[in-house]
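Taking it in order: structure first as structure tokens, then the write-up.
No lab work stands behind these numbers, since they all come straight from the coordinates. This is a predicted model, so every value here is computed, not measured. Backbone-built Cβ (ideal geometry, glycine too); neighbour counts: all protein chains shown.
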Amino acid sequence: MEERVYHVGVAGASSLAGKDLHEELGQSVLAAADVRLLDHEELAGTLEATEDEMSFIQKIDADAFDGLDLVFFVGTAAQTSETWGFAKKAGVGIVDLSYAMEDQPETVVLGPWVEQVLAAKGTGAALSLSTVAVIAAHPGALMLSLVAARAGKNLPLKSLAAVVYEPASQMGKEAMDELHQQTLNLLSFQSLPKEQYDAQVAFNLLPVFGDGAVQRLSITENRIRKHFARLAAGRLPEPALQIVHAPVFHGYVISVLLEFAKPVEMALLERALEGEHVEVLLGDAEPPSNVSAAGRKEILVRLPEDSGAPVSRVWLWLAADNLKLAAQNAIACAVELEKLRPQGKVQ
């Protein structure tokens, strides 16, 4: 019997997230898929390269989604808002990485890896034939919820708190370009461009941007909280969060405090955290960083050195490639969404 070839669209293919997703698709369970790259009209006809091939970008319009099984929206929220209706009308399965659809009815925030761990504690949000779109969980929420789910599966997790260090790449190419230009201008004693941040972000840590900023850290914080809550579905303690913009181009770093109802042995915590998608590094190993995580598929987790005594509280240091993590999670979401299609057309 001939194996089915999926037809997959990447809407916003020229974006940072789009480029990573296109590359990751070629190394995934959807590697054999026919991939259609889509973007704004002015980008139509341009070439996008991956390791194995060159592909032309096609214009997004009302006909762009015809014949597709799935489409990943990875451009701006504004671009997605303008075009997702075409995909819905064409009966295409939608995975949204732009978060434009997260407040639409009949959408589900999904992190399949987290659900696999938490399934024994009850069912979270489920897909159905009425699901309009899957919202791929924010990478910060995914990192926190997966680590918390692993830690709390067999250990008495009581609470967690986290400081999330946001990279420029999570906010898009324009934000990265402004950080780059600010860095150059500061070193040459020139005035700083501030269209994106309305603040100095180069060589600076900030919990909030200027009033005129295009970007908003409060939006990121609210999204991480909301996505964590939807993934946890009451099965994990609600985290206390602080979001900080770090003057780095790429890669999330998160400092996490876990508190347990009773002391636990560090060896047990290490075994609980280790597994698929997570690599645990012990105290004497090179610590995870946004640099060491670049290009890695795993969430890197550092545990402090084991003193031999059980602990009630422990700080973890997490790092991950935010774009690669988002791409992997989106593909896992697509696989879950496609499981519905033999039973009926996704609405």
For the range 50-199, list log₁₀ I(q)/I(0) at each q in 0.10, 0.21 Å⁻¹, using the Debye formula over Cα point scatterers of equal strength and ignoring solvent, two decimals each. -0.55, -1.27
Taking N as the residue count of the range 141-322, its alpha carbon Rg divided by 2.2 N^0.38 Å gives 1.11
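In deg cm²/dmol, rounded to 500, what helix-only [θ] at 222 nm does the chain give when every DSSP H run of at least 4 residues adds -39500 (n - 2.57) and the total is split over its residues? List each step's numbers first, then the result.
On the way: 9 runs with 106 residues, N = 347.
It lands at -9500 deg cm²/dmol.
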Relative pair counts by distance (%), Cα atoms of the range 225-304, 10 Å bins: 14, 40, 40, 6
As an exercise, identify the GluC sites (Glu not before Pro) in the range 51-117 lying in DSSP coil whose Cβ has no more than 16 other Cβ atoms within 10 Å. Glu51, Glu53, Glu106
Given a cut-off of 19 Å, name the pairs among Lys121/Lys153; Lys89/Lys173; Lys158/Lys324; Lys153/Lys297; Lys153/Lys226 whose C-alpha atoms lie farther apart than that in the structure shown. Lys89/Lys173; Lys158/Lys324; Lys153/Lys297; Lys153/Lys226
Just the Cα atoms of the range 98-147: what Rg and Dmax do they give in Å? 11.3, 31
When the chain is fully extended, how far beyond the present Cα-Cα distance does Ala294 get from Ala126, taking 0.36 nm per residue of separation? 57.3 nm
Residues of the range 14-33 with amide N under 20 Å of a point placed 7 Å along Cα→Cβ from Leu184: 16
Can you give the charge dipole size of the range 141-322 about its Cα centre, rounded to the nearest 20 debye, using +1 on the beta carbon of Lys and Arg and -1 on the beta carbon of Asp and Glu? 700 debye
Run a plain Debye calculation on the range 145-203 (Cα atoms as equal point scatterers, no solvent) and give log10 I(q)/I(0) at q = 0.17 Å⁻¹, rounded to two decimals, same order as the q list. -0.63
Could you sort the peptides 261-269, 220-228, 236-244 by per-residue average Cβ neighbour count (10 Å cutoff), highest mean leading? 220-228, 236-244, 261-269
Cα-based Rg and Dmax for the chain, where Dmax is the largest Cα-Cα distance (Å): 20.6, 67
For Glu259 and Gln200, extending 7 Å from Cα along the Cα-Cβ vector and measuring point to point gives, in nm, a value of 3.7 nm
